[in-house]
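Worksheet: the structure to be examined is printed underneath.
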Amino acid sequence: MSFDRAELEEMKERWLAANIEAEKAGDWKPLAEFYTEDATYGWNYGPKKDFMAVGREEIRELALGQEMEGLEGWTYPYQAWVIDDRTGDMIGLWKQVYEATREDGSHYALDGIQGSWFKYGGNFQFSWQRDFFDYGNVSSLFIELMTDKKMSDSMLKRVEKSAPGTLPGWYDYGTAPVKFW
């Protein structure tokens, strides 16, 4: 199914504006309105775990709620987009930057390439999203934050809560309720 390029560009602009508001508020749950009722949102986290939220409400509560806990003060500035109007595929490449700074004045930020691959579903909503990021760089950054005692209390609570690996939405590799690809 092909889509009007202007509609896809408008979707991108609406998404970017809503993301900035979510970052300011430290609340990403309102972004759920950008997904169809039956949308799926997932990512792989290393060789043993996948995350998958199925349906708008699960996306709101798990992907944009539970999984964003502790990320107040983080921003996700988009760097570039690739949009295919023939398929509705939209890939946004972003950085993940924390407001805290190192001794040299630089912000703690995730190295490597991060992004989101969206499938546009029409009516200014996504039907599918898969995030990608460098698992090794995430681990390295979080260890650095803990070592430097720069991790927020809310992030420390999130790490403690997720350490057992039993939070809703998390699945052993290959066992999520919908296929990753």
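The single residue among Gly121, Gly136, Gly112 that is closer than 27 Å to Ala6 by Cα and under 19 Å from the mean Cα position of the chain (by Cα) turns out to be Gly121. Restricting attention to the range 151-174, which residues are open to solvent by 80 Å² or more (accessible area, probe 1.4 Å) and either modelled with pLDDT of 90 or more or not in a loop (DSSP other than H, G, I, E, B) (or both)? Scanning the range 151-174 gives Asp153, Lys157, Glu160, Lys161, Asp172, Tyr173. Among the residues making up the range 33-61, a single one is open to solvent by 40 Å² or more (accessible area, probe 1.4 Å) and aliphatic (A, V, I, L, M): Val54.
Would it be correct to say that Phe126 is at negative phi, modelled with pLDDT of 95 or more and open to solvent by less than 50 Å² (accessible area, probe 1.4 Å)?
Spelling it out, Phe126 is indeed at negative phi, modelled with pLDDT of 95 or more and open to solvent by less than 50 Å² (accessible area, probe 1.4 Å).
Just so you know, in the range 2-24 the residues that are within 12 Å of Leu64 (Cβ to Cβ) and among the hydrophobic types (A, V, I, L, M, F, W, C) include one that is most open to solvent (accessible area, probe 1.4 Å), and it is Ala18.
The values are calculated or read from the model by the stated rules, or taken from the named source; none is laboratory data. This one's a predicted model, so the numbers in the text were calculated from it and none came from an experiment. Counting neighbours? That spans all protein chains shown, and the Cβs are built from the backbone with ideal geometry, glycine included. Just the protein is used for accessible areas: all its heavy atoms, side chains included, with ligands, DNA and RNA removed. Shrake-Rupley method; radii C 1.70, N 1.55, O 1.52, S 1.80 Å.
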